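Please read the structure below before turning to the comments.
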Amino acid sequence: SILITAHVQPDGDGVGSMLGLHRFLLAFGKERLGCVMEDPVPQVYRWLPGADAVRTPDQVKETPDLVVMVDASRRARLGKAQRLIDPHTRLITMDHHMDAEPEGDLVFLDTTYAAAGEIVVELFDRAKLPIDRQTAECLYVAIMTDTGCFRYANTNPRTHLLTARLLETGIDVAHISGRLFDSMTYAKFALMVRILTRLRLCEGGRVAWSQVWPHDLDQTGADSEDLNNLINYGRNIEGVQVAVLFRAMDSQTTKISLRSCPAFDASRVASFFGGGGHPGAAAAVLPMPLEQA
């Protein structure tokens with residue numbers, strides 16, 4: 001029996017690569033398998049094939065023989081889903097984030113991949129299995145979101161070659177992009193207004209930062225996934241090299257999200273505070289009030 005899982009507060013790569021790997025194992029002939037995550041699939045990705053079958057850890061009653069962790073390299077990143085890994089469960093890790101001490105009985109970690117979804121595409125090729133259109137949708141979302149629509153510095157020739165494989169299945173890239181980027185709820189718009197109104201510059205205009213509080217989400221009707229990528233607007237200001245969003249999770253916990261230019265390694269800052277990510281996008285959770293953070 002196999003369970004596939006991804007990190008808490010999943011992004012497009014976490015969800016897309018997990019669903020793509022699920023379809024790979026089905027094509028490979030596996031039957032006793034499923035997907036599980038601590039958090040629900042974000043609304044923006046719930047249309048992906050298989051997203052409606054993703055379970056929470058509480059819905060899983062039996063300990064699996066094998067857990068495959070994608071887009072993460074530490075059990076702690078799985079949240080409550082990590083309790084499904086007991087001493088007798090084998091753990092396979094597939095990730096592309098920098099980590100000096102990844103966990104797992106079998107670890108494939110390569111930071112040259114722009115997204116975990118790229119690794120799954122290559123699995124299909126190595127196994128000589130065809131990629132159908134539904135699988136391609138999942139993996140296209142994984143790659144497109146983690147490369148910022150192929151704008152980030154992690155985009156490389158292999159990224160485009162593997163993406164071309166997905167486009168050959170006939171997926172509607174304009175439709176997919178429209179669903180992900182061309183619309184937002186009014187709640188998210190109202191939350192964005194608050195964050196941008198509070199935006200400040202420092203360090204001679206090289207750093208932009210803003211903050212968000214729990215009451216902002218309550219009053220606008222937004223939820224956590226509505227925060228995704230809002231800090232990018234700070235990074236888009238001319239001259240800004242680093243943008244930071246400070247989010248008060250509660251009175252004693254603050255999450256920092258960073259976006260940076262190629263000359264600044266955001267992952268080093270996040271790692272210093274116990275977090276991680278990519279050179280251009282990283283995050284960490286600090287055990288302190290927002291004002292102190």
Summed over the other residues with a beta carbon less than 12 angstrom from that of residue 279, with K and R at +1 and D and E at -1, the charge totals +1
Ellipticity estimate at 222 nm from DSSP helix runs (n ≥ 4, -39,500 (n - 2.57)) divided over the chain, nearest 500:
-9000 deg cm²/dmol
Using θ = phi - 60° and the Karplus relation 6.51 cos²θ - 1.76 cosθ + 1.60, list the HN-Hα couplings for the range 17-23 in order, rounded to whole Hz, with x at every Gly or Pro.
6, 5, 5, x, 5, 4, 5
Contact order relative to length for the chain, counting C-alpha pairs under 8 Å separated by 6 or more residues, stands in percent at 13 percent
As a percent rounded to 5, the proportion of antiparallel DSSP bridges among beta bridges in the chain is 45 percent
Reduced to Cα centres, the span from the range 67-108 to the range 246-293 in Å works out to 22 Å
Figure the gain on full extension for residue 161 and residue 182 (residue separation times 0.36 nm, minus the Cα-Cα span) and round it to one decimal in nm.
5.0 nm
May I ask for the equivalent-ellipsoid semi-axes of the range 50-151, computed as the square root of five times each C-alpha gyration tensor eigenvalue and listed largest first in whole Å?
24, 17, 14
Which order do the peptides 102-114, 249-261, 61-73 come out in when sorted by mean C-beta neighbours inside 10 angstrom, highest first?
61-73, 249-261, 102-114
Would you mind putting 157-169, 15-27 in packing order, based on average other-beta-carbon counts within 10 Å, highest first?
15-27, 157-169
Using square roots of five times the C-alpha gyration tensor eigenvalues, list the equivalent-ellipsoid semi-axes of the chain in whole Å, biggest first.
31, 22, 19
Euclidean distance between Cα centres, the range 20-52 to the range 151-213, Å
23 Å
Fraction of beta bridges assigned by DSSP in the range 171-267 that are antiparallel (%, nearest 5)
65 percent
Accessible area per residue for the range 146-293 in Å², computed with a 1.4 Å probe and the full protein assembly in place, what is it?
54 Å²
How large is ³J(HN,Hα) for each residue in the range 229-245, as worked out from phi by the Karplus curve 6.51 cos²θ - 1.76 cosθ + 1.60 (θ = phi - 60°), to whole Hz, x for Gly and Pro?
6, 5, 5, 4, 4, x, 5, 6, 5, 4, x, 7, 9, 9, 10, 10, 10
Taking only the alpha-carbon atoms of the range 115-201, the convex hull volume per residue, in cubic angstrom, is 112 Å³
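The values are calculated or read from the model by the stated rules, or taken from the named source; none is laboratory data. Small disclaimer: the values here were computed from a predicted structure and weren't measured. Neighbour counts are summed over all protein chains in view; Cβ atoms, including those assigned to glycine, are modelled from backbone coordinates with ideal geometry. The protein model used for the area step is the full one, side chains on, heavy atoms only, and it has no ligands, DNA or RNA in it. Shrake-Rupley method; radii C 1.70, N 1.55, O 1.52, S 1.80 Å.
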